Amino acid sequence: MSQWTIRDFRLEDSDQLVEVWQESLADQPNPVYGLAEILDSCSNGVSAVAVAEGRVIGAAACQVQEDRAWVVLLAQAAGWRNRGLGSALLAAVEAKLAREGIKKISALLPASETRVTALRNSGYQVEGDLHYFEKTLPIQPKDLDTLTHLGGRRLPRGLWDSLAGMHYEKDLIDQRLILPLSRTELAESLGVRPPRSVILFGPPGTGKTTFAKSIASRLDWPFIEVFPSRLESHPEGLAGALRQVFSEIRELDHAVVFIDEVEEIASARTGSGYSPLQGVTNELLKIIPAFREQEGRILICATNFIRSLDKAFLRHGRFDYVIPIGPPDHGARRSIWNRYIPEEFSESIDLEALAEASERFSPADIEFAARRASQQALERAVEDSRGESAVDDAKLDTAAYRQAIGQTRVTITGAMIEEFAEDIDTIARV
């Protein structure tokens, strides 16, 4: 077999180089660098390829960062390993780097990598006590202008953990949505297609918007809320505005897209003639299948009135899941109350009594009642102090919270609960 020739990388080498790189993955299943980074390093970094009998049999490539070069690729075809080819490729790129004044060359390898002979033979030292950390940024520089134009933003980490109570809903969403979206390769290897669109439904105030934001926070994806009422002034009308917005969203690598009160633009169509709103519904029905073809994004629609949605909107194939978000149960109410009680009073408050007294309260109702109790305590403390320092007179107890509960109008009625239970039986898909 003839000896190799080492030369500069050429664009026409790309296909053969990819084949050599893929051969190397048989022994290195979790490469540090992806194919896009490798091809970019070959074209724009410092690289060299080895050729024998007109075919690429090996390649090495580095990315230069200030005064240091990083080895991004060192690969050889299976039949050419352990013959000194790797060392020869490293020597070729090192010579080029030296001419550019680079003095340090580094390489990152998976812990399982065993083919390190070329590096050791070329004088590379293994540095101990080093850890390799990696994170893929969800917003790339090219996406910033589009995201700003759409009014999207990255939400703070930790919103998911700050959701008090609602354990059933959290577990369900964690398993159905977040798990397959965050572990895409594992999910797809098991035949699970990551969800692309879901509906959250339930009585008002149960936290559907909060869940949507928390999903974006947990995935660390940009959050974009589409407000139909703000799009009505578009020259092509609401339907044209929706079409344009979703066309711009296609340019992003990742996104959680949220439409609240979706029944406003997807209510049941009637057979009594065409109306502009029906045109909007038709447009949305066209948008969703196209949206579902893209990876790295999810559409979340929320509604208080699931029964009012057009039947075509709810069919299989448009939404992966139709998830109920109901009022908190006793345990969830207890957790939510605990979140809003100041720490210095928490041990003296009977949370069980508050959870029992606030049946049918939504999370928003509990927050309102807790704030009412705090406001009333502030007013009493200032009044009782007669102009002196009110700190010593500040007091919150169980009776104060129970009084606030009695003064709070409950959002969720008994009729809503009955209707919600029926909708779970007939419409929900989890």
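Tabulated data for the structure shown
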| quantity | calculated |
| --- | --- |
| Test for P180: is it in the same structural domain as P156 (by TED's automatic domain parsing), not charged (D, E, K, R) and not in a helix (DSSP H, G or I) | no |
| Condition met for S87 (of a type outside the set (D, E) and part of a helix (DSSP H, G or I)) | yes |
| Residue list for region 110-155, restricted to those being part of a loop (DSSP other than H, G, I, E, B), surrounded by 12 or more Cβ atoms within 10 Å (Cβ to Cβ) and modelled with pLDDT of 80 or more | S122, Y124, G151, G152, R154, L155 |
| Strands (runs of 3 or more DSSP E) lying entirely in region 188-283 (those with 1 or more residues that are among the charged types (D, E, K, R)) | 223-225 |
| Residue among I38, I57 that alone is touching a helix residue (DSSP H, G or I) at 6+ places or on another chain (Cβ under 7 Å), outside any helix (DSSP H, G or I) and under 24 Å from S14 (Cβ atoms) | I57 |
| Residue in region 17-52 that is modelled with the highest pLDDT, counting only those that are under 20 Å from N82 (Cα atoms) and of a type in the set (S, T, N, Q) | Q22 |
| Candidates V72, V64, V32, V18 - the one that is within 37 Å of the chain's Cα centre (by Cα), over 23 Å from R120 (Cα atoms) and either exposed (fewer than 14 other Cβ atoms within 10 Å of the Cβ) or among the aliphatic types (A, V, I, L, M) (or both) | V18 |
| Residue match in region 317-329 (condition: without any contact (Cβ under 8 Å) to a residue 60 or more places away in the chain and assigned to a loop (DSSP other than H, G, I, E, B)) | yes |
| Matching residues in region 217-252 - criterion: being among the aromatic types (F, W, Y) and surrounded by fewer than 16 Cβ atoms within 10 Å (Cβ to Cβ) | F227 |
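The values are calculated or read from the model by the stated rules, or taken from the named source; none is laboratory data. Small disclaimer: the values here were computed from a predicted structure and weren't measured. All Cβ positions, even for glycine, are placed from backbone atoms using ideal geometry, and neighbour counts span all protein chains on display.
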